[in-house]
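Here is the structure we will look at, set down as structure tokens.
The values are calculated or read from the model by the stated rules, or taken from the named source; none is laboratory data. All figures in this text were calculated on a predicted structure; none of them were measured in a lab. Glycine gets a Cβ as well: all are built from the backbone with ideal geometry, and neighbour counts include every protein chain shown.
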Amino acid sequence: MNKCTKLVRDKIPEIISRGEIKLLHDKNEIEEFLLQKIVEEANELLKARNIEEAADLYEALRTWLKLKELTIRDLEEYAEAKKKKRGGFDKFYVWIYEC
């Protein structure tokens, strides 16, 4: 039988009744799991399209920023600088091209 791994919220070990829990310590391994979680949550938001999934995505991203010793404010400042340079997504342009 194959074993699967998945990053879970801090209180999940108290809730689940099967499988095992491993506490990560290696920063590179933690980052890999966080990035996988961010993709997982983005896919769940794509399917569910609700605030609950958006909150899960936000929490995973916030935790990744903390790991990288960054803050939400750092992210906001970077996003604003990038928006000034390349624009935002406010006008909803779609690029149609050959691929």
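Tell me the residue from Lys27, Lys82, Lys22 that is touching a Ser or Thr at 6+ places or on another chain (Cβ under 9 Å) and on the phi < 0 side of the Ramachandran plot, please. Only one candidate passes the filter, namely Lys22. If I filter region 79-86 for residues that are part of a loop (DSSP other than H, G, I, E, B) and of a type outside the set (D, E, K, R), do I get at least one hit? Looking for residues that are part of a loop (DSSP other than H, G, I, E, B) and of a type outside the set (D, E, K, R), one finds none in region 79-86, hence no. May I ask you to verify whether Glu29 is in a helix (DSSP H, G or I) and within 13 Å of the chain's Cα centre (by Cα)? Answer is no for this residue. Against the definition (aliphatic (A, V, I, L, M), out of contact with any strand residue (DSSP E or B) (no Cβ under 6 Å at 6 or more places or on another chain) and surrounded by 10 or more Cβ atoms within 10 Å (Cβ to Cβ)), how does Leu23 come out, yes or no? When the stated conditions are applied, Leu23 does not pass them. Only one entry of Lys37, Lys22, Lys84, Lys91 meets the criterion of being more than 19 Å from the chain's Cα centre (by Cα) and closer than 16 Å to Val8 by Cβ, and that entry is Lys22.
Suppose the filter is surrounded by 10 or more Cβ atoms within 10 Å (Cβ to Cβ), more than 21 Å from Cys4 (Cβ to Cβ), of a type in the set (Val, Ile, Thr) and modelled with pLDDT of 95 or more; does Ile30 pass it? So Ile30 does not fit the description; no.
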